[in-house]
Amino acid sequence: MPELSGFSFSYAGDYLKAALLVSLMSVWVLVALFFYLNHYTKRRYFTIWAAAWLFYALWLTLSLRYDPLEAVPDLVVLMRLWCVNAVALFLIWGSARFLGQRGSQRLFGLFMLFLFTWSYVGTYHMDSRLQCELPIFSLIGLASLRISWCFFGYRQKRRYIGAGLLSFGFLLWGLHHIAHPFLQTSEDFIGMGYFISAVLQLFIAVSMIVLVLEEARAVHQQAFQQISTHRAERDVMQSRVKSTEERFRTLFEQASEAIIITTLDNDLRILELNAAARRLLGLGSDPALDLSLKRFIALGERQQTALRSSAEWVDYICHHRPLNLVQKNGAIVPIESAGAPVSYADSPAQQFFLHELTERAHLEQQLRQAEKLSALGQMISGVAHELNNPMAVIKGYLEVILAHHNLRPETRADLEKVAQESERAAKLVKNFLAFAREKPSPQEMVGLNEIVRRVVELRKFAITLAGVELVLELDKNLPNTQAAPDQIQQVFVVLLNNALQAMVEAPLPHRLVLRTQVREQVVQATVEDNGPGIPPHLENRIFEPFFTTKQVGNGTGLGLSIAHSIVTDHRGRIYHQRPPQGGARFVVELPIISATNTPTGDGETAAQVTASKKPDSQPPNSPVKAAQVLVVDDERLIGDLLGEIVDILGHKPTICISAMEALDLLAEQDFDVIFSDIRMPVMDGQRFYREVSQLKPSLSRRIIFLTGDLVNEETRSFLTSTGNIYLAKPFQLSNVQDALLQVLREHPSDGTIPA
Ligand code: ADP
């Protein structure tokens with residue numbers, strides 16, 4: 001063994017064995033490591049390389065038995081060469097897999113066959129051992145260099161230190177095995193070779209561990225990065241979800257429609273509700289969660305028993321219209337509702353959209369009421385007209401009897417009672433006629449404030465007597481409206497009386513507020529009391545004629561219906577409102593009409609006014625020359641009564657029961673005054689007037705018309721166009737006298753001029 005720079009490499013044979021053993025053990029370390037890595041990383045090339053190391057271990061083990069410098073049996077030599085072949089093959093195969101190359105198994109098999117054949121030939125037929133081993137160990141060396149190249153590439157790609165170390169380790173190991181056949185000449189070199197290979201194998205093992213650790217760390221880092229990225233994405237998503245949820249919550253909360261979400265069980269428990277819903281239920285800021293929606297729904301008796309399951313309830317709430325909602329303070333609000341099933345917190349739920357119907361329902365109700373009242377009005381009008389004539393006859397004759405006959409005092413007293421009652425009946429008929437009016441009376445520009453003040457003045461005594469505190473809140477800048485002042489006054493008299501009557505039943509203090517104000521296009525007056533109020537179930541009925549809750553004698557049930565009829569005729573509205581603090585509030589609205597476009601009204605003539613006024617110039621018994629008076633009325637009794645009155649007044653009556661008959665008579669004879677009914681069969685008063693105008697023009701001015709139908713527009717305009725005097729049935733004796741006097745004075749005919 002040569003000496004190098006003072007170092008001696010000559011070792012004993014035992015040293016060779018020790019080096020072999022160390023190499024063997026290091027190989028087992030590699031085998032174990034590669035099997036473990038395969039198990040751990042599931043990479044196939046680790047198994048293949050583990051197989052290579054196994055064969056390498058086998059080769060070393062076979063080398064252990066024999067002295068390397070002595071002759072070894074050929075079979076052992078052959079087996080050792082085969083092991084080395086296998087090592088080379090598995091290393092190449094493993095590196096191919098490492099590079100992701102599949103490699104042909106057939107080629108691999110053929111190559112193996114060639115190597116084993118070569119080994120066989122080399123063992124048995126070759127003299128030189130070097131000649132035989134050189135190509136085989138060169139193959140191992142090349143395989144190892146190839147692996148070194150692979151790891152070098154890997155190192156370039158991934159910058160792993162372990163890959164660099166492995167590249168270096170396999171490079172040295174490969175070179176070492178290429179040199180191996182040349183080192184077989186001396187025992188020292190052989191021992192040294194085994195030792196170097198042991199060190200290189202341990203180096204490869206450690207490098208492999210370093211690489212796997214680095215890979216693991218890289219995988220972890222990647223995973224960590226992915227987790228951080230996912231976390232950042234999740235945070236973004238969460239904040240998006242949160243802002244979307246906030247947006248939807250704001251939309252939900254601020255929606256003008258009331259929205260309620262309830263459970264779908266039998267309770268219909270409220271899970272969510274928005275501000276509009278809280279307002280509608282009258283809850284203020286109370287969340288009202290967990291309350292049942294059912295407690296806010298007012299049911300009729302029939303539904304109370306009919307509604308059992310939640311489905312029936314939902315169906316009722318969504319389809320019944322109007323639905324009566326009971327607010328927290330007990331007030332009833334008509335609503336309509338729609339609904340849809342939804343999912344709430346992963347459970348089935350029901351969503352309701354509630355819509356307050358107050359304004360619409362109000363208008364619908366007013367329309368229905370107007371229709372009903374109009375039908376009733378027609379009926380009442382007919383009845384009243386039919387009653388009017390008999391009333392006129394009864395009253396007239398009573399007057400005649402009472403005025404001009406000597407009666408026993410008892411009879412007179414009885415008759416006066418009859419007169420009183422007939423007067424009451426006549427008033428009722430007048431009321432009916434007022435209710436059935438088809439057009440408002442003549443109108444003028446009026447201020448609502450003045451009317452209200454006048455009514456208060458009229459009822460001041462009653463208000464003070466009842467101990468009612470009166471509050472007047474009258475808008476000073478209230479525009480005028482056009483109305484028949486007497487009728488509007490009647491409306492407020494009705495409202496005031498009702499309020500006073502209602503408050504009698506309520507505990508003190510009693511308070512009556514009269515307010516006027518401008519609202520959009522209308523002047524509005526409200527009459528509000530703190531009496532017991534009107535129960536919700538009666539609200540729809542109060543404007544019906546004859547509807548009253550008062551005891552017999554206290555109310556006729558006509559007040560509000562007449563008020564309604566008057567206000568509607570003025571193109572206004574009257575309605576009841578339920579003040580939150582209780583009591584009743586009636587609102588009257590009339591259109592604002594400026595003075596410039598004021599129509600002139602229906603032109604009540606001086607003559608008509610005079611006819612209805614008490615005579616101021618002429619005393620009833622002033623001497624008048626007897627006039628020839630023609631009475632034309634298809635109602636014989638009225639004709640007779642008028643004849644009798646005319647007779648009492650000292651004139652000469654002639655009675656006709658038809659206009660035709662009267663015309664015939666007029667052709668033959670002259671009359672000073674004519675009383676003519678307007679409504680007559682065949683020829684009515686209007687045609688009669690035209691005929692007379694043609695026949696005797698001067699006489700046409702002396703016709704006094706009789707009518708029980710002053711509310712009829714046609715009649716009114718006819719009377720206005722003639723300008724003649726008229727008498728409304730039932731008339732009084734004094735009316736007949738006044739009318740006669742006026743005609744005789746204003747349109748005298750020869751010999752009939754009053755003195
Ligand atoms: P009457 O007063 O003759 O009964 P109305 O038509 O004027 O007839 O009124 C009808 C009903 O309306 C009354 O019977 C009463 O029940 C009710 N009503 C009217 N005004 C009020 C009020 N201010 N407070 C309470 N109830 C009222």
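At a glance:
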quantity	calculated
The chain: relative contact order as a whole-number percent, Cα under 8 Å and 6+ apart	8
Extended-chain gain in nm, criterion 0.36 nm per residue less alpha-carbon gap, Gln581 and Ala413	55.2 nm
Expected-Rg normalisation [2.2 N^0.38 Å, Cα atoms] applied to the chain	2.27
Efficiency of FRET between Ala425 and Lys328 - r from beta-carbon atoms, R0 60 angstrom, step 0.05	0.75
Beta bridge orientation in the chain: antiparallel %, DSSP, nearest 5	70
Charge dipole (debye, nearest 20) of segment 238-336; +1 at Cβ of Lys and Arg, -1 at Cβ of Asp and Glu	160
Cα→Cβ-extended label distance, 7 Å offset, between Ala179 and Lys550, nm	13.5
Gain upon complete extension [Ser693, Glu473; 0.36 nm per residue less C-alpha separation]	73.6 nm
Relative contact order computed over segment 511-597 (Cα-Cα under 8 Å; 6+ residues apart), in percent	33
Two-site label geometry, Gln732 and Leu458: point separation in nm, points 7 Å out along Cα→Cβ	1.9
Net charge, Phe252 excluded, C-beta distance under 11 Å - Lys, Arg +1, Asp, Glu -1	-3
Translational diffusion coefficient (Stokes-Einstein; Kirkwood radius from C-alpha pairs) of segment 52-104 at 20 °C, 1.002 mPa s, in µm²/s	176
For Tyr344, residues with placed amide H under 5 Å, excluding near neighbours	Ala349
Estimated inter-spin distance, Ala232 and Asp265, nm [label 7 Å along Cα→Cβ]	4.7
Fewest-first ranking of Asp677, Asp670, Asp127, using other Cβ atoms within 10 Å as the exposure measure	Asp127, Asp670, Asp677
log10 of Debye I(q)/I(0), alpha-carbon scatterers only, for segment 28-172 at 0.10, 0.15, 0.18 Å⁻¹	-0.38, -0.80, -1.08
Over segment 86-186, relative contact order from alpha-carbon pairs under 8 Å, at least 6 apart, %	31
Restricting segment 202-266 to GluC sites (Glu not before Pro) in coil, as DSSP defines it, with at most 12 other Cβ within 10 Å	none
Net charge contributed by nearby residues that have their C-beta within less than 13 Å of Thr61 (K/R +1, D/E -1)	+3
Whole-Å semi-axes of segment 407-532's equivalent ellipsoid (Cα gyration tensor)	34, 23, 12
Overall Cα dimensions of segment 530-575 - principal axes, largest extent first, Å	31, 23, 19
Per-residue Cβ neighbour rank within 10 angstrom, fewest leading, Lys427, Lys625	Lys427, Lys625
Percent of alpha-carbon pairs separated by more than 21 Å within segment 490-570	32
Length added when fully stretched, Ala298-Ala223, from 0.36 nm per residue minus Cα-Cα	20.8 nm
Charge dipole magnitude, Cβ of K and R +1, D and E -1 - segment 252-297, Cα centre, debye nearest 20	180
Neighbourhood net charge (9 Å Cβ-Cβ; Lys/Arg +1, Asp/Glu -1) for Cys656	-3
FRET efficiency estimate (nearest 0.05) - Cβ-Cβ, Val241 to Ser309, R0 35 angstrom	0.45
Kirkwood hydrodynamic radius of segment 119-220, from inverse mean 1/r over distinct Cα pairs, in Å	14.8
Ranking of Val736, Val518 by count of other Cβ atoms within 10 Å, fewest first	Val518, Val736
Amide H partners (placed H, <5 Å) of Val631, local residues excluded	Thr654, Ile655, Cys656, Phe675
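Bear in mind these aren't lab numbers, they're just calculated from the coordinates by the rules spelled out. Because the structure is a prediction, the values reported are computed rather than measured. Positions of Cβ are generated from backbone atoms using ideal geometry, with glycine treated the same way; all protein chains shown enter the neighbour counts.
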